[in-house]
Amino acid sequence: MVAVSSHPLSVPPEARSIEPVSGTLEDGASVQRDDVVVGAAAGLAAVVERIEQVAPTDAPVLLEGETGSGKELLARLIHARSQRAEGPMIRVNCGAIPAELIDSELFGHERGSFTGATGTRQGWFERADGGTLFLDEVAELPLAAQVRLLRVLQEGTFTRVGGTKDLRVSVRVVTATHRDLRAMCEEGTFRSDLWYRIGVFTVRIPPLRDRPEDVAPLATHFAHKSGIALTGVPLVPTPSELETLRGYSWPGNVRELAAVVERAAILGGGRRLEIAAALGDARPRSSPPPAAPLSSQPAVAAPAGRLATLDDAMRAHIARALVLARGRIEGRGGAADLLGVNPHTLRGKMRRLRIDWSVYRT
């Protein structure tokens, strides 16, 4: 909680309405109408148990997981199970806000505070007063914005851009990232004091490939929704189709599964599922990976008379794995899998070694 407000909630009624918790969310995760997460009894059981523990409190929660694994869904579930469920649930994608507008978006601005500020504007903290503010992709905030966010979380007050009055709101903050914040703190790209503040209670969401038991119920859920949307008749995957889906590694997690099932429904004209055809579009090519252009590979040769450093050797080894994986980091056969390390750890090492993975994409 940022602060307990001593005044009536200042958010207008239209901003207070809680966004529906049922349905399929942006990141492809799904939750049933009775507010039960698909997979809560299987692969996500431990995750949901932790959420049940922390949701009734006002403690900050950090959700960690790969892209498409269901972080937004779980943030909404935390809100729905909290004492703030009647208040607003505001989601902010920190990675989508231009650096020059971050202060205005988060904290609001006064009329005339900058060119184009034709009126006073409430920021996301004010709009979330009495509810939950979900800061998605919090790792994308620049360091200057991290300092100002830390002040709000520590002191419970903020000032609008161009304003002079300290404002105080009652907000529960939930953050999420697919990045390795510990590695970013070591690199100096994320403030460790902010990490400690937002990570009071951390929930790690396993990727779909680590919970294959969830593939069938999720696919069935998405097929039902796709059939209703296309023809008004729910679709049901066959046992063989479910087995095919379970055999795929799902580097894009639940989001990719939702896309494949929807594509299968479209290919089947809304009357049946064409899983094999839809999944074929998602599978990597089976031809041998071409070698990356020599000019794109990191230089690893040591100057004459000098032994190559450990960083040189590590850079070359990672580059080789990226070549074999065609630039893909996550999933079965990805560079992290080939090297036997966590994808977040590998990304951290690549940033430190200044390895540009994009040149290996084929």
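The values are calculated or read from the model by the stated rules, or taken from the named source; none is laboratory data. As the structure is a prediction and not an experimental result, all values here were calculated from the model. Note: ideal-geometry Cβ built from the backbone for every residue, glycine included; neighbour counts use all protein chains shown.
Some notes on this structure:
- Single residue of the stretch 180-239 satisfying the filter (of a type in the set (Lys, Arg), outside any helix (DSSP H, G or I) and surrounded by 13 or more Cβ atoms within 10 Å (Cβ to Cβ)) that is modelled with the highest pLDDT: 191
- The set of residues in the stretch 240-282 that are out of contact with any Lys or Arg (no Cβ under 6 Å at 6 or more places or on another chain), assigned to a loop (DSSP other than H, G, I, E, B) and not basic (Lys, Arg) comprises 247, 248, 251, 252, 268, 269, 270, 273, 274, 281, 282.
- Candidates 156, 123, 119: the one that is under 28 Å from residue 203 (Cβ atoms), at pLDDT below 85 and over 24 Å from the mean Cα position of the chain (by Cα) is 156.
- Entry remark, the stretch 240-275: residues being within 25 Å of residue 337 (Cα to Cα), more than 21 Å from the chain's Cα centre (by Cα) and not polar (S, T, N, Q) number 6 in total.
So that you can scan it fast, the table gives a plain yes or no per residue for (1) surrounded by 17 or more Cβ atoms within 10 Å (Cβ to Cβ); (2) β-branched (Val, Ile, Thr); (3) within 23 Å of residue 253 (Cβ to Cβ):
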residue	(1), (2), (3)
319	yes, no, no
322	yes, no, yes
337	yes, no, yes
340	no, no, yes
349	yes, no, yes
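- Some residue of the stretch 303-312 being among the β-branched types (Val, Ile, Thr), at pLDDT 80 or above and in a loop (DSSP other than H, G, I, E, B): no
- Test: residue 80 is more than 18 Å from residue 126 (Cβ to Cβ), modelled with pLDDT of 80 or more, surrounded by fewer than 17 Cβ atoms within 10 Å (Cβ to Cβ) and not hydroxyl-bearing (Ser, Thr, Tyr): no
- Meets criteria (acidic (Asp, Glu) and closer than 19 Å to residue 37 by Cβ) for residue 210: yes
- Residues of the stretch 126-153 that are assigned to a helix (DSSP H, G or I) and more than 20 Å from the chain's Cα centre (by Cα): 126, 127, 144, 147, 148, 150, 151, 152, 153.
- Pairs, first in contact (Cβ under 8 Å) with a residue 24 or more places away in the chain in the stretch 248-266, second part of a helix (DSSP H, G or I) and of a type outside the set (A, V, I, L, M, F, W, C), C-beta under 7 Å, six or more apart: 249/209; 250/209; 250/256; 261/226; 262/226; 265/226; 265/227
- Yes/no for residue 242 being out of contact with any strand residue (DSSP E or B) (no Cβ under 8 Å at 6 or more places or on another chain) and buried (at least 16 other Cβ atoms within 10 Å of the Cβ): yes
- Test for residue 230: is it within 12 Å of residue 275 (Cβ to Cβ) and not assigned by TED's automatic domain parsing to the domain that holds residue 73: no
- Single unsatisfied condition, residue 294 versus (1) more than 15 Å from residue 221 (Cα to Cα); (2) at pLDDT 80 or above; (3) out of contact with any helix residue (DSSP H, G or I) (no Cβ under 9 Å at 6 or more places or on another chain): (2)
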